[in-house]
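What follows is calculated from the coordinates using simple rules that are stated; it is not laboratory data. Keep in mind that this is a model prediction, so the values were computed, not measured. Using ideal geometry, Cβ is built from the backbone for each residue, glycine included, and neighbour counts are taken over all protein chains shown.
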Amino acid sequence: MNPSHTSGVLYVVSAPSGAGKTSLVKALLKTDPAIRLSVSHTTRAPRPGETNGRDYHFVSREQFQIMLADGEFLEHAEVYGNFYGTAKGGITHDLNAGHDVLLEIDWQGADQIKLHFPHSASIFILPPSFSALRTRLAGRGQDSDEVIERRLAAAAHDVAHAGAFDYIIVNDDFEHASQDLLAITRSIRLETARQMARHTALFEEFRRI
């Protein structure tokens, strides 16, 4: 797919569990409400405080399999025994309408999204160190020691794929990392082709002189 420069930008953000991706994305969306968050489908149960339709579309395994068979997903993956998928209809509609869209997915999903949207901007969030990641995961108090060790092993695998992304942010200081993420979105909007398409009337005004 080769969208015009008047269409929206698709941002794909990935990170190992515990790197702070969700907090950084929430801060970005609060600062720039023009970016729409794509809500993925999942078969896992809601966690405390999560709302259906806002955090995820929570569906049964049967519903997920039906959607998958009908070709409704741009990408999907199984993570820790649960299925996750990104429906293509809403994203394509928003981008064609000129809205920017952000996806939070793992590196495997990011690879699949790049095939469908080669002009998307992919961003990988790194923790400051392996030990800091261990401390963050343990500090959340959500997982057993066994699950934490599994997440740490998965994190090492995730980081090995960071080189395939367009941008890498090290989340060693939240405010600094948040500003880095905002800078990426702003710089892409200021690309020459996008600005010339967005401000056609302004350029035409100068051509008439």
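A few notes on this one:
- Reported count of residues in the range 64-79, each being part of a helix (DSSP H, G or I) and out of contact with any His (no Cβ under 8 Å at 6 or more places or on another chain), is 3.
- Counted residues, the range 135-165 - those being among the basic types (Lys, Arg) and in contact with a helix residue (DSSP H, G or I) (Cβ under 7 Å, 6 or more places away or on another chain): 1
- Pick from the range 88-116, criterion buried (at least 18 other Cβ atoms within 10 Å of the Cβ) and within 20 Å of residue 63 (Cβ to Cβ), ranking: nearest to the chain's Cα centre (by Cα): 105
- Unique match (being touching a residue at least 60 places away in the same chain (Cβ under 8 Å), in contact with a Gly (Cβ under 9 Å, 6 or more places away or on another chain), farther than 24 Å from residue 81 by Cα and in a helix (DSSP H, G or I)) among 177, 197, 193: 177
- Taken over the range 17-36, the criterion of being over 12 Å from the mean Cα position of the chain (by Cα) and among the β-branched types (Val, Ile, Thr) is satisfied by 31 alone.
- Test: residue in the range 57-67 that is within 30 Å of residue 187 (Cα to Cα), touching a residue at least 12 places away in the same chain (Cβ under 8 Å) and out of contact with any Leu (no Cβ under 7 Å at 6 or more places or on another chain): no
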